[in-house]
Structures are given as structure tokens and as C-alpha cells.
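First comes the structure, then the notes that go with it.
Derivation of every value follows stated rules applied to the coordinates shown; laboratory data play no part. Remember, predicted model here, so these are calculated numbers, not experimental data.
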Amino acid sequence: MTPTVPNSSQAPPLLQLLLTPNAQAYILLLNFVRDSDQDCWADRSPLHEAAAQGRLLALKTLISQGVNVNLLTLNHVSSLHEACLGGHVACARALLESGAQVNGVTIHGATPLFNACCSGSAACVSMLLEHGARAQLDMHLCSPIHEAVKRGHTECMEILLANNVNIDQELPHIGTPLYVACTYEKEDCLKKLLELGANPDQGQWLNTPLHAAAKQSNLEIIYTLVDYGANLRLRNAQGKIPLDLAAPKSSVAQALILCEETPSKIETTCADGQGALYMELCKSNQQRLQPNRFPCFSTPEMGVLFQYQEGPK
């Protein structure tokens, strides 16, 4: 059975735009989509305003007068969302104690916990988790840990990880938290993720964190990833290794070349083969190296190997 298409006079206003073959209609449609992506401020209640501005007395007064703490805007934004986005811990606590839904989701997939990670309020994050907020969300919802890393909120990230969030959770559109740290050049988050056991080679599909670091031309991140055993030879969907993404003859390209050559230099330096054994430990991530400019030559372990070769002094 063939479906019938209504003519423009019978169709709803939005569909009329689609059925009207002129450029102005498409412009109106694009503006409609753009405006619908923003919160509708006209339907915000006084409770939303009090929560957003951190006005605790006004908020408690409204609650005592019987205002519904779970009142939503057209975009399903609650007062708790607003309080957490502003990092207003006292307001958020008052709302939660009055029955606010801790896992409410906006039409854009944001939860109060996600908003708390946006603001960087570790106190809000901890309180939400204590009240039953889900730290590990479904793939289609906004991820709190990815947002915390993106904004460089290390403390929020650590709290989430302490609540059993998957440190290597990979989202199709942004990758793993480590990949996000490399993309947005959040070095503190990067180092902490690696210290806590993040996979240095898992990024966004076939793109590794090293690919992201090479794109950003960030030497410090490249050195740190190599310290933690990142594979320099992995190829992305285009068949490129991280070196291929660096500008030719740049400092990043030179650093990646040097990092590739370093293992063979160590193996040939120690005639008894201990250098090769050490490199295997590094590759398997059993031996953690401390970040430095050229860590493979400057760690205490390598100093012992070189001293062994030269003999005791």
C-alpha cells in the first residue's frame, strides 16, 4: 500500500516547510532546528531560576509553598539540573531531600550528574552519587566522565572512577576518556587515567590516543603515552600511523621517530640482553615509567643497566 503525502495546505506547519520548494522555507526550517536545540526560557519556573542562581532561601520558600521540585521545562530540564550546572551544592541538596529525581534526563540526554561534571563541582558529583545517581550511563546519553575529562575536572573524574565507571568506555562519537584527554589536551586528566590503568592504545575506533596527540602537536602528551607503552605503529582507518599525522620535519615528527628508534638503541647498548627484557616489560605495561623528555634513557632502571654494562665504579 502506497502512503499518501498531504498537500501543503493540509500538512502541519513544520511539514509545510518541507513541502514548499523554495530556499526561504529551508532557511526557516534550519532556524527552527537551531532554536529548538536551545532551552525554552519562557517555561522556566521560579524554582528553576532560584536553583540556577543559587538562591537557597528563595528555593526553600518555594518548596515549602508546595512547588513541585520535579517540574520540567519543555526540554525536560529540572531545577536539579540547573543547580548542578551552577555548582550550587546547597540548592541541589535541598532539592534532593525534597524528592527531586536524581537521574532525570533532558531531551539532549543530560543528567544532573553530567551537569555537575560540566561545572566541575566535585561536591555535587559526590552528593548525587550518594543519592543514587547512575555513574555509568547508556551509550546514547551524555557521559559524565567524558565531560569531566573534556573540561579538565580531574577530581570529578576520579570520583566517577572510584564508583566503578569503566575507565576505557568508548563512545562512537568521542572515543574513550583517554582519547578525549588527548583531543582536548588535558594533561592532568591524561596522566591520572594512565596511572589508574587506562589502555594507552584504545581511542576512537582505530584512532589511538597517539593519533590524537599527533594531530594536536602536543609533545608532552606524546611522551607520556609512550612512557605508558603506547604502540607507535598502530594504524587508523586510513592506514596511517601517528607519525603520518605529524607535520613533516616538525618537532612532533622528530619525537615520534626518536621514540620508534629508542628500543633498538637500548637493545644494542646492553650486550647481555637485559635491555631487551626491560623493553618487553615496558611494552606489556608491567613496568610503569615516569614521564620525562626521553624516559627510556633517564629512568633508574636504565641507569642500573648502563652501570652493569660499564662495571661497578
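Here are the numbers for the structure shown:
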| item | result |
| --- | --- |
| Of K60/K150; K191/K215; K192/K215, pairs whose Cα-Cα distance is over 25 Å | K60/K150 |
| Interchain or long-range residues, amide H under 5 Å from L171's placed H | T176 |
| ³J(HN,Hα), Karplus 6.51/-1.76/1.60, whole Hz, each residue of the range 109-115, x for Gly, Pro | x, 8, 9, x, 5, 4, 5 |
| Global geometry of the range 192-251, whether rounded, prolate or oblate, following the gyration tensor of its Cα atoms and the 1.5 cut on a/c | oblate |
| Cα-based shape type of the range 144-185, given that a ≥ b ≥ c are square roots of the gyration tensor eigenvalues and the cut on a/c is 1.5 | oblate |
| Nonlocal amide H pairs with N207, under 5 Å, H built at 1.01 Å | A237 |
